[in-house]
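Asks: There's a structure below that I have some questions on.
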Amino acid sequence: MSMFCYQCEETAKGLGCTTVGVCGKDGTTAALQDVLIHLVKGISMYAHRAAQIGARNPEIDEFVIEALFTTITNVNFDPQRLEGLIRRAVSLRQQAKSLYESACAQAGSAPEELTGPAIWQPEDDLDALAYQGQELSITVRQAVDGEDVVGLQELITYGLKGAAAYTDHALILGKLDPKVFATFHAALDFLAQKRPSLDDLLGWALKTGELSVHGMELLDAANTGAYGHPEPTAVPVTAVKGKAILVSGHDLKDLEELLKQTEGKGINVYTHGEMLPCHAYPELKKYKHLVGNYGGAWQDQRQEFDKFPGAILMTTNCIQKPKDSYYGRIFTSGVVAWPGVTHVGRDRDFTPVIEAALAASGFEDDEPEKTIMVGFGHHAVLGVADKIIDAIKAGAIRHFFLIGGCDGRKSGRNYYTELAEQVPDDCMILTLACGKYRFNKLDFGDIGGIPRLLDMGQCNDAYSAIKVASALAEAFECGVNDLPLSLVLSWYEQKAVTVLLALLHLGIKNIRLGPSLPAFVTPNVLKVLVEKFGIQPIKTAQEDLDAILAA
Ligand code: SF4
Ligand code: SF3
């Protein structure tokens, strides 16, 4: 079955995956994801109009978020589960239509007759549905609307997927804002419109960035409200003797529930990948059996999970095809799915994970302890803002480098290690997301007692960097672009796209982006991004450092 997907950085030949995804996504899964996104647009066409006259339905709102998050790279590879979501989407689209029509009846207005995704009917049979999904593919749309229009539509779609991830995490912790849902519906309704202008598309890309900032803010309030403000914490990156569970992904609630359910069972819990920042939250670090962090970034998981002598739980992206050696002891939760892998449902009953951990050998010995520091979110950094400001004024801190974003398999990503290593000793490095595994175990020393490497958290914590930059700009009575601060981002999946749009919405200029530019950004769109925002591709670490420090 043919497919076309260019939503992530590792897309085949830098152009698009056409037979099977570099990530492992097959044609059927790709087509079903396209169908799901199409139907979600149909739901939002009704929900947007209903919201405009004051009617909403939380089930519809939450489904749209879940469906968008499901289609992020390395989240859901299971055609059966995707089919289930598609069938639910059809039923919720009907509910959204009824909501809109009864709201119109109450308001005394006539409902619009909607077409396109609002009335598109999926086939009943899975194979036929996948075949039908090919009609919706990017290449078919490009033939009608051209590459620039479709590229910008996809930029917005990917930004929405990333923002949906934040919104979903916030929702899980009980934080929601109807305005956020209304903007999702409005954006998806816009994406369903025929022949949009390039100006409108660019406008919606920035509005998606605004939505993303709002989503991040909600998530920050949700995380810190539930678990307290992250505080600087030394995290062991070495094994402790005993039975073990490894928790990966980004979901704090899953980790909390698992910690509760494993208490007193003689099982040590380790974080993996983007769960590392969890060690800094007071309400999570209080569990003594949360003993450390294991392994590196997502792309090393097949080797590392193979060696991990316990159970593994994937709470969100990034899952890779499990090896046979650990197929029976890896589990998914939330929106993650892999065919044949046991999925823990919404009740968060982690019994199968615990049983698998108890059945596995566990670590036989304690390793000599080595630790790294985490927990420099906005609250901790702004707590020493006076010290930082004095150090900048005294010339002890020359420049800040935000080296953040995703990791991935490409060899060009060594750039980020080299850059961090070559940043001069009188400069600070702020970091977030999983790209930091390229350098977070190196010793960078400190400046006047402040560690030179400040780990601000997950990709989901980009809000912390925004808050710190805004506070510094306020202290120096200048704009963020006038600060001695440079952003060097690495991207892989769509949460990085939403962070980029958030930064553009905030007017941040001269971002360096790598290891390659997105395939969906066409030359014409890139020209606009360069002219308006000074976005630039990374060069070599030395060239970029020289240019940044000479500016
Ligand atoms: Fe290819 Fe990335 Fe799409 Fe996977 S998510 S199919 S690797 S472009
Ligand atoms: Fe990483 Fe998948 Fe993007 Fe959260 S875990 S940043 S890639």
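Derivation of every value follows stated rules applied to the coordinates shown; laboratory data play no part. Since the structure is predicted, the reported quantities are computational estimates derived from the model, not experimental observations. So basically every Cβ, Gly included, is an ideal-geometry build from the backbone, and we count neighbours across all protein chains shown.
Asks: Using Stokes-Einstein with the Kirkwood hydrodynamic radius over Cα pairs, what translational diffusion coefficient do you get for segment 33-83 at 10 °C and a viscosity of 1.306 mPa s, in µm²/s rounded to a whole number?
Replies: Calculated translational D: 135 µm²/s.
Asks: Could I ask something else about it? Around Lys370, with a cut-off of 13 angstrom between Cβ atoms, what is the net charge of the other residues, counting Lys and Arg +1 and Asp and Glu -1?
Replies: -3
Asks: Does segment 286-445 come out rounded, prolate or oblate by the C-alpha gyration tensor, with a ≥ b ≥ c the root eigenvalues, rounded set by a/c under 1.5 and, if not, prolate when a/b is larger than b/c and oblate if not?
Replies: prolate
Asks: Find, among the GluC sites (Glu not before Pro) in segment 346-383, those assigned to loop by DSSP (not H, G, I, E, B) with at most 16 other beta-carbon atoms within 10 angstrom.
Replies: Passing both the DSSP loop test and the Cβ count: Glu364, Glu369.
Asks: Using only alpha carbon positions, build the gyration tensor of segment 290-346, then give the equivalent ellipsoid semi-axes as the square roots of 5 times its eigenvalues, largest first, whole angstrom.
Replies: Here the semi-axes work out to 17, 13, 11 Å.
Asks: Taking neighbour counts of Cβ atoms within 10 Å as a proxy for exposure, in what order, fewest first, do Asp443, Asp34 appear?
Replies: Values: Asp443 9, Asp34 24.
Final ranking by Cβ density, sparse to dense: Asp443, Asp34.
Asks: Also, quick follow-up: Take the alpha carbon gyration tensor of segment 12-226, find the square roots of its eigenvalues, order them as a ≥ b ≥ c, and report rounded if a/c is under 1.5; if not, report prolate when a/b exceeds b/c, else oblate. Write down the numbers at each step before the final one.
Replies: Values: a/c = 1.39, a/b = 1.19, b/c = 1.17.
Taking the square roots of the gyration eigenvalues as a ≥ b ≥ c, segment 12-226 is rounded.
Asks: With each pseudo-label sitting 7 Å past Cα toward Cβ, what's the Glu355-Lys387 distance in nm, one decimal?
Replies: So the two model labels end up 5.0 nm from each other.
Asks: Right, next: Would you mind ranking Tyr281, Tyr227, Tyr287, Tyr327 so that the residue whose beta carbon has the fewest other beta carbons within 10 Å leads the list?
Replies: Tyr327, Tyr287, Tyr227, Tyr281
Asks: Let me make sure I get this right: for the chain, a, b and c are the square roots of the gyration tensor eigenvalues over alpha carbons, sorted descending. Under 1.5 in a/c it's rounded, otherwise prolate if a/b > b/c, else oblate. Which is it?
Replies: Oblate.
Asks: Please list, by residue number, every one of the trypsin sites (Lys or Arg not before Pro) in segment 286-341 that is coil in DSSP and has at most 16 other beta-carbon atoms within 10 Å.
Replies: Lys286, Lys288, Lys323
Asks: So what J values fall out for segment 396-406 if you push phi through Karplus, 6.51 cos²θ - 1.76 cosθ + 1.60 with θ = phi - 60°, rounded to Hz, Gly and Pro as x?
Replies: Per residue, the Karplus-derived 3J(HN,Hα) values read 6, 10, 8, 7, 10, 10, 8, 10, x, x, 7 Hz.
Asks: Could you work out the pair-distance distribution P(r) of segment 233-359 from its alpha-carbon pairs, with 10 angstrom bin width and percents rounded to whole numbers?
Replies: Answer for segment 233-359: a P(r) of 14, 52, 32, 2 percent.
Asks: What does the helix-only formula give at 222 nm for the chain: each DSSP H stretch with n ≥ 4 adding -39500 (n - 2.57), the total divided by the residues, and the result rounded to the nearest 500 deg cm²/dmol?
Replies: -15000 deg cm²/dmol
Asks: Test of understanding: ordering Ser325, Ser248 by Cβ neighbours within 10 Å, fewest first, what list do you get?
Replies: In increasing order of surrounding Cβ atoms, one gets Ser325, Ser248.
Asks: How far is it, in nm, from the label point at Phe476 to the one at Arg195 when both lie 7 Å from their Cα along the line to the Cβ?
Replies: 4.9
Asks: For segment 76-126, state which trypsin sites (Lys or Arg not before Pro) are in a DSSP loop and have at most 16 other beta carbons lying within 10 Å of their beta carbon.
Replies: Answer in residue order: no site qualifies.
Asks: If you take every residue apart from Glu283 with its C-beta less than 12 Å away from the C-beta of Glu283, what net charge results, scoring Lys and Arg +1 and Asp and Glu -1?
Replies: So the surrounding residues net to +2.
Asks: Taking K and R as +1 and D and E as -1, what net charge do the other residues with C-beta under 15 Å from the C-beta of Asp125 add up to? Please list the in-between numbers first.
Replies: Numbers: positive: Arg87; negative: Glu83, Glu123, Asp124, Asp127.
With Lys, Arg at +1 and Asp, Glu at -1, the net is -3.
Asks: On to the next question. Assign unit charges at the C-beta atoms only (+1 for Lys and Arg, -1 for Asp and Glu), then state the dipole size of the chain relative to its Cα centre in Debye, rounded to the nearest 20.
Replies: That gives the chain a dipole magnitude of about 80 debye.
Asks: Would you mind giving the average projected area, over all directions, of the Cα convex hull of segment 376-550 in nm² with one decimal?
Replies: The orientation-averaged projected area of the Cα hull of segment 376-550 comes to 9.5 nm².
Asks: Of the DSSP beta bridges with both residues in the chain, give the percent that are antiparallel, rounding to the nearest 5.
Replies: The antiparallel fraction comes to roughly 20 percent.
Asks: Using 27 Å as the Cα-Cα cut-off, could you pick out the over-long pairs in Lys161/Lys194; Lys13/Lys441; Lys25/Lys243; Lys410/Lys532; Lys41/Lys260?
Replies: Lys13/Lys441; Lys25/Lys243; Lys410/Lys532; Lys41/Lys260
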